[in-house]
Amino acid sequence: MARGGFASARREGILSAVSDAALPPPLPPAERAALRRFVSRAPEFAPVLRAAGPLPWRTREAGFPGLLAAIVGQQISNLAAAAIWTRVVALLGAPPSAERLLALPDERLREAGLSRPKIAYARGLAEAVVTRRIDPERFAAMEDEAVIEAISALNGFGRWSAEIYLLFAMQRRDVFPAADLALACSAQALLGLDARPSEKGLRALAEPWAPYRGLAARLLWHHWRHLKSRPAFDS
């Protein structure tokens, strides 16, 4: 092969590797079938897939790491949360453990980007896990509302954080975090609503989408990222 051919092949190989690494995770087969059933029942969502492309399947680690990630992501952008989470994992190791977090001084956690309230929430979560006041391993056998009640009892956690955990860490299919601002904005745009729905209004709007409200939420986020010209998936 000519020298230029080798260089060209090498460039193509590098680009292919980068492209493959950046590919969003595909839907599991069961969720792909559920998505087809949902869109056939709710055709108003079909334009999302045509315009924004395939729905990426975002997940989060279950247990203490997933609950800690929910604290990190509260009230900040996804990009900011991802940057802080990278520093938290570098500090605590992968996967982060409750014991390692409790062993660190607040100063190290602040250096990673956590605010004082979030440090207090994280320590409360870690203490609850270590003392078994909350046992994430039991969540798999519990109904959605029971898990939401258990998580919401922790300081710094509300229904939104619990629903986000259920949706991404436990991959529950019918959970809809109606307090999420991006979901409300996306629903307004997709459905042509005159005003952005309130949390109560959005929850009522989502009722006909059961038992696929989690998929509806994922599609609405996918739609909003497309409208905002953001990547479909942040690796």
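The values are calculated or read from the model by the stated rules, or taken from the named source; none is laboratory data. Remember, it's a predicted structure, so these values are computed and weren't measured experimentally. Here the Cβ positions follow ideal geometry from the backbone for every residue, glycine too, while neighbour counts run over all protein chains shown.
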Fill in the blank from the handout: Condition set farther than 15 Å from VAL72 by Cα and of a type in the set (Ser, Thr, Tyr), scope segment 125-177, selection nearest to the chain's Cα centre (by Cα): answer is SER152
Handout entry: Positions within segment 143-184 being outside any loop (DSSP other than H, G, I, E, B), more than 20 Å from ALA30 (Cβ to Cβ) and acidic (Asp, Glu), in sequence order
Key = GLU145, GLU149, GLU163
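So, of the residues in segment 67-117 that are outside any loop (DSSP other than H, G, I, E, B) and β-branched (Val, Ile, Thr), which turns out to be nearest to VAL147 (Cα to Cα)?
Quick first cut of segment 67-117, residues outside any loop (DSSP other than H, G, I, E, B) only: 67-72, 78-92, 98-103, 106-111, 116-117.
Applying the additional criterion that residues be β-branched (Val, Ile, Thr) yields 71-72, 84, 86, 88-89.
Values: ILE71: 16, VAL72: 20, ILE84: 26, THR86: 27, VAL88: 25, VAL89: 25 Å.
Out of the qualifying residues, it is ILE71.
Take the residues in segment 70-124 that are hydroxyl-bearing (Ser, Thr, Tyr) and touching a residue at least 24 places away in the same chain (Cβ under 8 Å), then tell me which one is surrounded by the fewest Cβ atoms within 10 Å (Cβ to Cβ). Before the answer, list the steps.
In the first step, residues of segment 70-124 are kept if they are hydroxyl-bearing (Ser, Thr, Tyr); the result is 77, 86, 97, 115, 121.
Those still in the list that are touching a residue at least 24 places away in the same chain (Cβ under 8 Å) too: 97, 121.
Working: SER97: 18, TYR121: 23.
Here the residue is SER97.
Looking at segment 91-124 only, could you name the residues that are within 20 Å of the chain's Cα centre (by Cα) and modelled with pLDDT of 95 or more? Spell out how you get there, then give the answer.
Taking segment 91-124 first, the residues within 20 Å of the chain's Cα centre (by Cα) are 94-97, 113-114, 118, 121-122.
The answer is PRO96, SER97, GLY113, LEU114, LYS118, TYR121, ALA122.
If you take the residues in segment 36-50 that are farther than 19 Å from GLU207 by Cβ and of a type outside the set (Lys, Arg), which one is surrounded by the most Cβ atoms within 10 Å (Cβ to Cβ)? Lay out the reasoning, then the answer.
Initial filter on segment 36-50 (farther than 19 Å from GLU207 by Cβ): 36, 46-50.
Within this subset, residues satisfying the condition of being of a type outside the set (Lys, Arg) are 46-49.
Details: ALA46: 12, PRO47: 11, VAL48: 22, LEU49: 15.
Taking the candidates together, the pick is VAL48.
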Practice task
Mind listing whichever residues of segment 184-230 are more than 17 Å from the chain's Cα centre (by Cα) and modelled with pLDDT under 95?
Solution key: LYS228, SER229
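Taking TRP57, is it hydrophobic (A, V, I, L, M, F, W, C), under 30 Å from SER115 (Cα atoms) and in a helix (DSSP H, G or I)? I'd like the intermediate steps shown before the answer.
On the way: hydrophobic (A, V, I, L, M, F, W, C): yes; under 30 Å from SER115 (Cα atoms): yes; in a helix (DSSP H, G or I): no.
No, not satisfied.
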Problem - Hits in segment 190-206 - residues which are in a helix (DSSP H, G or I) and in contact with a helix residue (DSSP H, G or I) (Cβ under 8 Å, 6 or more places away or on another chain) - result: LEU190, LEU191, GLU199, LEU202, LEU205, ALA206
Completion exercise
Selection over segment 27-69 where residues are in contact (Cβ under 8 Å) with a residue 12 or more places away in the chain and within 26 Å of PRO136 (Cβ to Cβ) yields a count of 18
